[in-house]
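Novice: After the structure tokens below, expect a handful of questions from me.
The values are calculated or read from the model by the stated rules, or taken from the named source; none is laboratory data. For clarity, every value in this text was computed on a predicted model and none was experimentally measured. Don't worry about glycine lacking a Cβ; one is built from the backbone with ideal geometry, like all the others, and counts go over all protein chains shown.
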Amino acid sequence: MSGESHHPNYVRVWAALVVLLCISVIGPMFGHRELTLITAFGIAVVKAYLVAANFMHLKFEKRLATYMLTTVLVFMFLFFAGSAPDVMKHDGWQWEKPGIKAQVEEGLAHMHESEHEGSGHH
């Protein structure tokens, strides 16, 4: 029976996940947007860790699983950091996205018109 002592108490982990779910559902009802976002992402990270560590048994795997997960996360971050500046801009050295740029400018102009109409300025 000594081999069973290292397994998690699944009911306790499930109960913790349910409590965290309730907190993340009730949180937005207080109306603090920034606090809600920080709390929601924090709770999501904790829940992801609990699921991966206990239900996917990563807590009991060899270090290879940790190294593989870390490597994947590093490569995802590098891919995002390398591609996001180009994807989030409308032009670059040898390329241009005029259709997207026009849509964004049109949306901004419409937004400014709506703000002025709402405040009584024409």
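Novice: Out of (1) of a type in the set (A, V, I, L, M); (2) within 14 Å of the chain's Cα centre (by Cα); (3) surrounded by 13 or more Cβ atoms within 10 Å (Cβ to Cβ), what's the single condition that is false for Leu50?
Specialist: Condition (2) is where Leu50 drops out.
Novice: Could you tell me whether Phe30 is under 27 Å from Val104 (Cβ atoms) and not assigned by TED's automatic domain parsing to the domain that holds Gln103? Please lay out each step first, then the result.
Specialist: Values: under 27 Å from Val104 (Cβ atoms): no; not assigned by TED's automatic domain parsing to the domain that holds Gln103: yes.
Here the answer is no, as Phe30 does not meet what is asked.
Novice: Just the residues that are small (Gly, Ala, Ser) and surrounded by 12 or more Cβ atoms within 10 Å (Cβ to Cβ), please, taken from segment 27-47.
Specialist: Of everything in segment 27-47, those that are small (Gly, Ala, Ser) and surrounded by 12 or more Cβ atoms within 10 Å (Cβ to Cβ) turn out to be Gly27, Ala40, Gly42, Ala44.
Novice: Would you tally the residues in segment 37-93 being among the hydrophobic types (A, V, I, L, M, F, W, C) and closer than 24 Å to Val11 by Cα?
Specialist: Step one: filter segment 37-93 for residues among the hydrophobic types (A, V, I, L, M, F, W, C), giving 37-38, 40-41, 43-46, 48, 50-53, 55-56, 58, 60, 64-65, 68-69, 72-81, 84, 87-88, 93.
Those left that are additionally closer than 24 Å to Val11 by Cα: 40-41, 43-46, 48, 50-53, 55-56, 58, 60.
Here the count works out to 15.
Novice: Still on this structure, I have one more. Which residues, taken from segment 80-95, are of a type in the set (Phe, Trp, Tyr) and touching a helix residue (DSSP H, G or I) at 6+ places or on another chain (Cβ under 9 Å)? Walk me through how you get there before you give the answer.
Specialist: Of all residues in segment 80-95, those of a type in the set (Phe, Trp, Tyr) come to 80, 93, 95.
Scanning segment 80-95 gives a single hit, Trp95.
Novice: Return the residues of segment 57-105 that are modelled with pLDDT of 80 or more and small (Gly, Ala, Ser); say none if nothing qualifies.
Specialist: Of everything in segment 57-105, those that are modelled with pLDDT of 80 or more and small (Gly, Ala, Ser) turn out to be Ala81, Gly82, Ser83, Ala84, Ala102.
Novice: Consider segment 88-122. How many of its residues are loosely packed, with under 10 Cβ neighbours inside 10 Å and either assigned to a loop (DSSP other than H, G, I, E, B) or in the same structural domain as Val45 (by TED's automatic domain parsing) (or both)?
Specialist: 7
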